[in-house]
Structures are given as structure tokens and as C-alpha cells.
Amino acid sequence: MQLHWSPKSPYVRKVMICAHELALLPRLELVRSVAAMLKPNAELMRANPLSKIPTLVLDDGQTLFDSAVICEYLDSLAGGALFPKEAPARWAALRWHALGDGLLDALILWRNERERAAPLPALLAAFACKTEACLQLLETEVA
């Protein structure tokens with residue numbers, strides 16, 4: 001399997017942690033791929049028309065994209081060690097997965113807003129509020 005990746009992507013790092021925890025790293029061929037917003041990557045687009053990473057190319061040529069899908073696929077290869085098959089444990093695991101993705105989305109948008117010439121204070125405050133709420137939930141439910 002080929003994984004289009006970059007060390008800068010938090011979504012790629014999530015997939016790499018999943019692959020590591022499931023002992024699947026040796027099965028991955030890592031393909032360093034640049035996925036810039038303003039310059040679509042033609043090579044990457046052959047596997048993923050969205051020109052986004054991570055993108056996983058399976059041995060049969062089929063492609064999977066989005067870190068959540070790739071993590072679920074890797075988990076299925078390992079027999080379901082990370083995502084339980086039965087409710088309510090499955091829904092709890094998927095809820096944490098979605099929270100992690102949402103927090104990553106908010107943090108990336110927050111960083112981008114902070115780098116603008118004239119960041120909107122209300123938007124910065126909203127990202128700070130959402131981030132704090134996620135961290136409080138983690139602290140409350142994991143502790």
C-alpha cells in the first residue's frame with residue numbers, strides 16, 4: 001500500500017499513529033506528497049481528485065482518502081483493535097475520532113486566521129472557545 005503523506009499534516013500523523021499502533025507501518029510505502037491549497041498536485045490527483053493528504057493507494061489500485069476512512073480501513077486489516085464493532089463502544093470510539101478531527105479542523109482554521117493581515121477578533125475568539133470546550137470535554141471524560 002502506498003500512503004501519500006507529509007510530516008506537516010496532522011491528519012497524516014493521525015494515520016501514522018493508527019498504523020503504528022496496529023503494527024501496519026511495514027506494509028506502507030510512504031510517498032512524500034505536497035498538497036498545497038493554491039497549487040493542486042497533478043500526481044496526487046491521479047489517486048485523489050481533491051489533491052489532499054493523506055491518500056492511501058491499495059495494492060489493487062483502489063484509493064482511500066480522508067484520515068477517518070484510512071484509519072477505519074487500517075483497523076479492519078488488524079481485526080478491529082481500535083474501533084470496536086459493537087455499540088455502544090463503537091459509537092464512543094467514533095465520537096472521539098470525530099472530536100479529534102473537528103478539533104484539528106478548528107486549530108488549522110484558527111492558525112490560518114491568525115496569519116491574515118487583519119484577523120477577525122470574533123473569529124479568533126470563536127476558535128479559542130471551541131478549542132477550550134474540546135479540551136474541557138477531554139479532561140472531564142478521560143480523567
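The values are calculated or read from the model by the stated rules, or taken from the named source; none is laboratory data. Not measured: the values here are computed from a predicted model. Please note: Cβ atoms are built from the backbone with ideal geometry, for glycine as well, and neighbour counts cover all protein chains shown. With ligands, DNA and RNA removed, areas are computed over all heavy atoms of the protein, side chains included. Shrake-Rupley method; radii C 1.70, N 1.55, O 1.52, S 1.80 Å.
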Problem - Matching residues in the range 53-93 - criterion: being farther than 15 Å from GLU21 by Cβ, open to solvent by 40 Å² or more (accessible area, probe 1.4 Å) and part of a helix (DSSP H, G or I) - result: VAL69, ALA89, ARG90, TRP91, ALA92
Handout entry: Exclusive hit being small (Gly, Ala, Ser) and closer than 12 Å to ILE70 by Cα, set ALA19, ALA36
Key = ALA19
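Look at TRP96 and say whether it is free of Cβ contacts under 8 Å to residues at least 12 places away in the same chain and either open to solvent by 50 Å² or more (accessible area, probe 1.4 Å) or in contact with a helix residue (DSSP H, G or I) (Cβ under 7 Å, 6 or more places away or on another chain) (or both).
Values: free of Cβ contacts under 8 Å to residues at least 12 places away in the same chain: yes; either open to solvent by 50 Å² or more (accessible area, probe 1.4 Å) or in contact with a helix residue (DSSP H, G or I) (Cβ under 7 Å, 6 or more places away or on another chain) (or both): yes.
Criteria met by TRP96.
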Handout entry: Selected residue [of a type in the set (Gly, Ala, Ser) and either touching a Pro at 6+ places or on another chain (Cβ under 9 Å) or modelled with pLDDT of 95 or more (or both)] from ALA81, ALA93, ALA89
Key = ALA93
